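*Asks:* The structure under discussion is supplied below as structure tokens; questions concerning it will follow.
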Amino acid sequence: MGLDERVAAIQNNNGKAQQIGTICMHAFYDLKYISPVVFVYLLKECYIYGTCKATRKFRALQQQVHLVLNNDPQHGPAIFVLQCLYVLPIFGLYCEGFGHLIVSALRRFLKNADTSAEAKDLAAQLFLDILGGFVDHDERIVVKILEVFDVQLANIEKVMCPLKEKKDCSFDTAKAFVEQYIFELIESQSYMNAVTLLEHFCIRHSGESFLLSMLQYNEFKAAEKWASFMGKPLLCVLVQYYVDRNMLNNAFEMIKQNNLRQEFPDVYHKCKESSLKKLAEKGCWDVAEAKTNRDRQLLEYLVYLAMEAGYSEKVDELCDRYALEGFLNDKVVAEASLLQSRYLDLNELVVEDVIWVDEADALHNATCHIEGCKVVGIDCEWKPNYVKGSKPNKVSIMQIASDKVVFIFDLIKLFEDVPDILDNCLARILQSPRVLKLGYNFQCDIKQLAHSYEDLVCFKHYEMLLDIQNVFKEPCGGLSGLAKKILGTGLNKTRRNSNWEQRPLTQNQLEYAALDAVVLVHIFRHVGNHSQTADVEGQEKIEWKSHIVSHIDNVKKSRKDNRKKSEADKR
């Protein structure tokens with residue numbers, strides 16, 4: 001089996017090392033009779049064949065080396081790898097890569113096992129030989145050797161002073177030697193390697209000046225590692241540096257990781273508030289509430305965000321749950337009311353009625369009305385699921401709107417009560433070649449509907465679709481941004497991720513759902529009215545007719561997706 005096949009074997013077996021086997025050359029099955037130089041030569045020969053990319057080859061070979069270290073190498077795995085490191089430089093081009101490869105493989109092999117004293121001493125000797133110029137290895141390999149073999153100052157002292165009677169050699173001599181090497185790393189601005197060795201040998205270098213030097217060169221990871229090693233005083237200096245430069249995310253992470261909330265209470269809350277604001281802008285109110293951890297200051301801020309967004313039922317919900325009514329005042333309410341007025345509402349679009357459809361008669365009436373329309377807007381909503389990797393919730397409602405009336409179909413109840421009638425009525429609408437159906441990012445809705453109601457035929461075929469999103473070259477801000485660009489006012493999207501399975505829906509939820517569908521018709525009308533004009537109010541001429549899709553067969557697409565998934569699983 002070649003290396004390419006072994007790479008595939010590793011991927012297809014989900015990294016199960018026991019199913020892969022050792023390196024394919026017969027000599028590798030028993031390393032008692034293989035010298036380090038032959039081993040490295042054969043390793044190089046494995047690498048140069050095959051067409052896989054270098055990264056994948058190295059990962060596959062690292063896995064193989066990790067396995068063959070079980071095959072009784074001369075003097076044990078650790079000594080064998082050190083001997084390989086001594087001969088690696090003669091292979092020139094691949095020296096650095098193979099050095100990392102075999103040391104990393106040994107790290108995996110040893111895991112938490114202690115390295116023998118003999119191996120530590122030989123690693124210390126290799127360290128001295130590299131620094132003395134007798135063996136050529138890159139500084140990152142040097143650091144990795146010291147870490148993996150757990151070389152201590154005592155091992156370096158032993159190698160430097162093999163005869164105890166030598167009075168001019170001591171533990172301080174070894175420490176000074178290592179410190180000189182670390183100083184050279186600092187001089188060359190190799191800060192992470194320097195910090196790693198300082199931590200490894202427990203050498204406490206001049207703290208704050210060294211930290212500021214790293215920060216000056218934007219070596220934040222090295223600075224954080226160093227501060228964590230030195231303790232709370234230096235961590236506080238680092239957090240304050242981040243705060244002074246408005247690097248709040250960095251400050252927050254250090255506060256959280258090192259339990260510094262009491263030292264920086266204002267910074268902690270400022271960072272948390274920034275996180276809550278981002279979640280609120282995305283409509284992820286439940287996640288934002290969970291992230292407050294019942295902190296009253298953060299809860300009050302979340303209530304303010306809900307008021308600012310005009311999400312009145314969320315304000316009431318939070319105030320009732322956490323007894324927050326006392327902090328509200330007229331100024332906050334007035335500011336929130338002013339901000340709420342910036343969004344589009346149903347009255348501005350002169351919508352005459354929003355009709356809830358949850359039983360057979362209402363379903364028939366809605367279908368007859370919609371079939372008499374030339375253009376309708378379609379959207380749907382479902383309850384968000386914040387559990388990573390879990391299946392999305394079933395689509396709860398579907399909104400279908402003409403320019404004056406919006407029908408909101410309770411899909412969950414209709415599917416339970418009258419599935420056949422629901423299937424027939426929606427098929428008449430969605431598969432009608434006489435009614436143009438408008439959507440926004442419609443492929444997502446089509447996929448979600450098909451997965452939610454696999455037994456219904458109506459969601460498997462569509463006729464006469466126009467995805468408004470595709471008409472514009474670079475839509476920004478989603479449907480709200482598009483509405484603002486075309487109609488002059490955006491949509492309030494704060495209820496996007498609310499609980500769409502609760503019954504009854506709130507009045508605000510109904511208005512939100514209705515707006516998402518009816519605004520599509522108004523955008524289409526606006527575009528259609530100006531489609532022959534090259535420049536209307538600064539807008540470019542928009543051609544929408546070419547974007548109409550006459551037919552979509554969702555069954556074929558679903559089968560094709562399943563076939564691709566099945567083939568991928570087999571590979």
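*Asks:* Here's a check for you: in the stretch 210-251, which residue that is assigned to a loop (DSSP other than H, G, I, E, B) and among the charged types (D, E, K, R) is surrounded by the most Cβ atoms within 10 Å (Cβ to Cβ)?
*Replies:* E219
*Asks:* Of all the residues that make up the stretch 375-403, how many are at pLDDT below 95 and more than 34 Å from the chain's Cα centre (by Cα)?
*Replies:* The total comes to 2.
*Asks:* To continue, here is another question. Report, by residue number, each residue of the stretch 473-512 that is under 11 Å from G283 (Cβ atoms) and in contact with a Ser or Thr (Cβ under 7 Å, 6 or more places away or on another chain).
*Replies:* If the condition is that a residue be under 11 Å from G283 (Cβ atoms) and in contact with a Ser or Thr (Cβ under 7 Å, 6 or more places away or on another chain), then K493 is the only one that fits.
*Asks:* Anything in the stretch 78-96 that is within 38 Å of the chain's Cα centre (by Cα) and at pLDDT 85 or above? List them, or say none.
*Replies:* Residues satisfying the conditions are A78, V81, L85.
*Asks:* Against the condition open to solvent by 50 Å² or more (accessible area, probe 1.4 Å) and under 34 Å from the mean Cα position of the chain (by Cα), how does N470 come out, does it pass? Walk me through how you get there before you give the answer.
*Replies:* Details: open to solvent by 50 Å² or more (accessible area, probe 1.4 Å): yes; under 34 Å from the mean Cα position of the chain (by Cα): yes.
Answer is yes for this residue.
*Asks:* Next up: Looking at (1) open to solvent by less than 60 Å² (accessible area, probe 1.4 Å); (2) of a type in the set (V, I, T); (3) more than 21 Å from D30 (Cβ to Cβ), can you tell me which one V65 breaks?
*Replies:* (3)
*Asks:* With respect to Q448, determine if the residue is polar (S, T, N, Q), in contact with a Pro (Cβ under 9 Å, 6 or more places away or on another chain) and open to solvent by 20 Å² or more (accessible area, probe 1.4 Å). Even if it seems obvious, please write down each step before you answer.
*Replies:* Details: polar (S, T, N, Q): yes; in contact with a Pro (Cβ under 9 Å, 6 or more places away or on another chain): yes; open to solvent by 20 Å² or more (accessible area, probe 1.4 Å): yes.
Yes: the conditions hold for Q448.
*Asks:* Any idea which residue in the stretch 175-209 is farthest from the chain's Cα centre (by Cα), counting only those that are open to solvent by less than 40 Å² (accessible area, probe 1.4 Å) and under 21 Å from E253 (Cβ atoms)?
*Replies:* The residue in question is G207.
*Asks:* Looking only at helices (runs of 4 or more DSSP H) that fall completely inside the stretch 252-316, which ones have 3 or more residues that are exposed (fewer than 14 other Cβ atoms within 10 Å of the Cβ)? If you could, list the steps in order and put the result at the bottom.
*Replies:* Details: elements: 265-281, 285-291, 296-308.
By residue number, 265-281.
*Asks:* Residue by residue through the stretch 27-44, note down the ones that are at pLDDT below 80 and either under 17 Å from G99 (Cβ atoms) or not small (G, A, S) (or both).
*Replies:* Hits for the stretch 27-44 are F28, Y29, D30.
*Asks:* Closer than 19 Å to G76 by Cβ, over 33 Å from the mean Cα position of the chain (by Cα) and open to solvent by 10 Å² or more (accessible area, probe 1.4 Å) - does that describe any residue in the stretch 123-131?
*Replies:* Scanning the stretch 123-131, I find at least one residue that is closer than 19 Å to G76 by Cβ, over 33 Å from the mean Cα position of the chain (by Cα) and open to solvent by 10 Å² or more (accessible area, probe 1.4 Å), so the answer is yes.
*Asks:* Would you mind telling me which numbered condition in (1) in contact (Cβ under 8 Å) with a residue 24 or more places away in the chain; (2) assigned to a helix (DSSP H, G or I) G92 fails?
*Replies:* (1)
*Asks:* Run I355 past the list (1) farther than 30 Å from D417 by Cβ; (2) modelled with pLDDT of 90 or more and report the number of the one that doesn't hold.
*Replies:* (1)
*Asks:* So is Y33 of a type in the set (S, T, Y) and open to solvent by less than 60 Å² (accessible area, probe 1.4 Å) or not?
*Replies:* No: the conditions fail for Y33.
*Asks:* While we're here: Please give the number of the condition I130 fails out of (1) in contact with a helix residue (DSSP H, G or I) (Cβ under 7 Å, 6 or more places away or on another chain); (2) in contact (Cβ under 8 Å) with a residue 24 or more places away in the chain.
*Replies:* (2)
The values are calculated or read from the model by the stated rules, or taken from the named source; none is laboratory data. Only a predicted model underlies this, so the values are computations on that prediction, with no experimental measurement involved. Glycine also receives a Cβ, built like all others from the backbone with ideal geometry; neighbour counts cover every protein chain displayed. These accessible areas exclude ligands, DNA and RNA; they are computed on the full protein's heavy atoms, side chains included. Shrake-Rupley method; radii C 1.70, N 1.55, O 1.52, S 1.80 Å.
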